[in-house]
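What follows is a single structure, written as structure tokens, with notes after it.
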Amino acid sequence: MKKIITASLVATMALTGVNAISNSELAAKLNSLETQLADVKKKLKKQNKKINKVKAHDSGDNIKWGVDLRTAIDNINYDLANGTSAGKSDLMSLRLWLNMAYAPDTHNVFKGQLSMNKAFGADFASPENRNFSLGGQFDWTGNEALTDNSLKVRQAYWLYLGDSAFGADMPWTFSVGRRPSTGGFLANLREDDAAQSPLGHLINVEFDGLSSKLDLSNVIGVPGMSIKLCMGKGSTNASPLFASATPYAEGNQIEDVDLAGFIFEPYNDGQFIVKTTLYRGFGVPGQNPDPVISGNPMNPSLTFGGNTPFVVTGDMDGAGISVMVDGLTDEGYFADAKVFGSFAWTRSNPDAGQMMLGSADSQTGTSYWVGAVLPVNENSYFGLEFNHGSEYWRPFTYSEDTMVGSKLATRGDAFEAYFNYQLTDSISAQVRYTDISYDYTGSNGFFGNYSGASNKISDLKAAAQGFTALGGTVDASGAHNIGVVTGNLMAQGMPMAQAQQTAGAMAGASLFLPNVVEAAQDFRFYLRYRF
């Protein structure tokens, strides 16, 4: 029995020793595995970090594209001062914008936009058209006017975003290139676009230049307060390559046209928005055709010269204040309603020996503009706008998206109503009616003594009627029988010198009348695809 117990104890001790050895080895192996797993996790973390960097680089190393395609049909009509009319009931157009954006880091941004804008089945970009358009010597409307099916650069600029200017808590920006200077504040509402840089009441043209903005809201303590410097060129006087023996030197083109000004935003909390601007356009262009007297000296005829070149007429100042309330109440229907008002001022400064807007003296013009945008439902809104301009009102709004000319340049009254509907996430539609009544000529002209001259239309009509009543005649070759009209005026007791001057003015009015638009209307429908 003692032997059996001793044998059992020996066996038990042996088994215990074996188990002890196995547990020790197992613990060592587990420790080794844990070390290897930690190493794998560390390497995997590094690899994931590298992959994320590659993904971020690849994501930021590509231009982001967007498409904006609009198909429109316009029914346009012009009522001319001589009693005739002109128009087109089915002007169909196609506008394409290819939007580009690229941000390599949080401080630098590139933005660009390629554009095509054409009438269906037409090419309006012939050399002849360019010679007589703003797309020739100066490209203020190169992408806004109907041209051809080629892509052109509408915007291309670099934007730097700074965190603090002058060591203070003032975010700032600097940008240079072909800047977004169309569709500015308030002018953007009817198109359902974000507002671009300028105040739309005064500036709506394509422009090459620079801008720099200081955000003053943090240091002043007023929401949204900022000031922006804007500078640019509207034309460059230089000879094209191969046009002369000295390419790109100053040539025989119109002199440089420059513009500089400020945009000051005194308050903007998102609901109440106030913006102001002050600028000067230097060396603005105009045309001054010379009258041509021909025929019998005792009974001459009057015509005007043919193609008159552009010349520098002087400088043009402008200033304005625009206010919008975005949401009349905090809740309910009027929380999504917008109302706005804008007042603007311009002043001509003719060079010595030149005339601007038909006058050799400095002339001041004013304009006011009011409107409301009211929601119809969550997918649509209705807008109503009215603006009035005085006799010598002259903004830079040549690129306004209206087929019958800029309504905001009107020397008279303009009324507009529009309805916008978001059909799907990417497709919208608009119905719009614009009605313009002109009191004075030259609303959409330049700055000289011809297309931009301001003459009261009712006076021109009365002078033309008087010219005919006193024996004058008008045809395609000019105004005739000026001597007969002079004699009839003298027979009424008018001195000879005065009669001659009056007869000449009446003859000029008669020639001018067929080219004077007294009223214009534009009814538009469009479908627009954006993504």
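The values are calculated or read from the model by the stated rules, or taken from the named source; none is laboratory data. All values reported here derive from a predicted model rather than from experimental measurement. Because the Cβ atoms are built from the backbone with ideal geometry, glycine has one as well, and the counts that use them run over all protein chains shown. Remember, those area values only see protein heavy atoms, side chains included, never the ligands or the DNA or RNA. Shrake-Rupley method; radii C 1.70, N 1.55, O 1.52, S 1.80 Å.
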Put one equal scatterer on each alpha carbon of the chain, apply the Debye formula with no solvent term, and list log10 I(q)/I(0) at q = 0.05, 0.07 1/Å to two decimals. -0.31, -0.52
With all protein chains modelled, accessible area of THR106 [1.4 Å, Å²]: 120 Å²
Just how far, in whole angstrom, is segment 152-168 from segment 414-454 if you go by their alpha carbon centroids? 32 Å
Placing unit charges on C-beta atoms (Lys and Arg positive, Asp and Glu negative, everything else neutral), compute the dipole magnitude of the chain about its Cα centre in debye, rounded to 20. 2920 debye
For the residue pair TYR368 and VAL323, what label-to-label distance in nm results when each label sits 7 Å from Cα along the Cα-to-beta-carbon direction? 1.2 nm
Measuring from the longest principal axis of the C-alpha atoms of the chain, the long axis of helix 482-491 (C-alpha) lies at a number of degrees, nearest 10, equal to 60 degrees
If I fit a long axis through the Cα atoms of helix 496-512 and take the longest principal axis of the Cα atoms of the chain, what angle between them do I get, 0 to 90°, rounded to 10? 40 degrees
Which one, THR236, LEU374, TRP97, is farthest towards the positive end of the dipole of the chain when Lys and Arg carry +1 and Asp and Glu -1 on their Cβ? TRP97
Going by alpha carbons, how many degrees (0 to 90, nearest 10) lie between the helix axis of 2-60 and the longest principal axis of the chain? 10 degrees
At 0.692 mPa s and 37 °C, plugging the Kirkwood radius over alpha-carbon pairs of segment 253-329 into Stokes-Einstein gives what diffusion coefficient in µm²/s? 195 µm²/s
Alpha-carbon centroid distance for the pair segment 69-123 / segment 216-249, whole angstrom: 24 Å
Evaluate segment 369-433: find the radius of gyration of its Cα atoms, find its Kirkwood radius, and give the ratio Rg to Rh. 1.06
May I ask which of LYS88/LYS461; LYS64/LYS213; LYS118/LYS338; LYS42/LYS64; LYS213/LYS407; LYS88/LYS456 have a Cα-Cα span longer than 31 Å here? LYS118/LYS338; LYS42/LYS64
Using modelled backbone amide H atoms (1.01 Å from N, in-plane), which distant-in-sequence or interchain residues come within less than 5 Å of ASP256's amide H? ASN237
Where only protein heavy atoms count, and the probe is 1.4 Å, what is the accessible area per residue for the chain in Å²? 51 Å²
Using 0.36 nm times the number of residues separating SER85 and GLN36, minus their current alpha carbon distance, what extension gain do you get? 8.7 nm
The relative contact order of segment 378-445, taking Cα pairs under 8 Å that sit 6 or more residues apart, comes to a percentage of 35 percent
Per residue of segment 370-382, what does 6.51 cos²θ - 1.76 cosθ + 1.60 with θ = phi - 60° give for ³J(HN,Hα)? Whole Hz please, x for Gly and Pro, Karplus curve as stated. 10, x, 9, 10, 10, x, 9, 8, 5, 10, 8, 8, 10
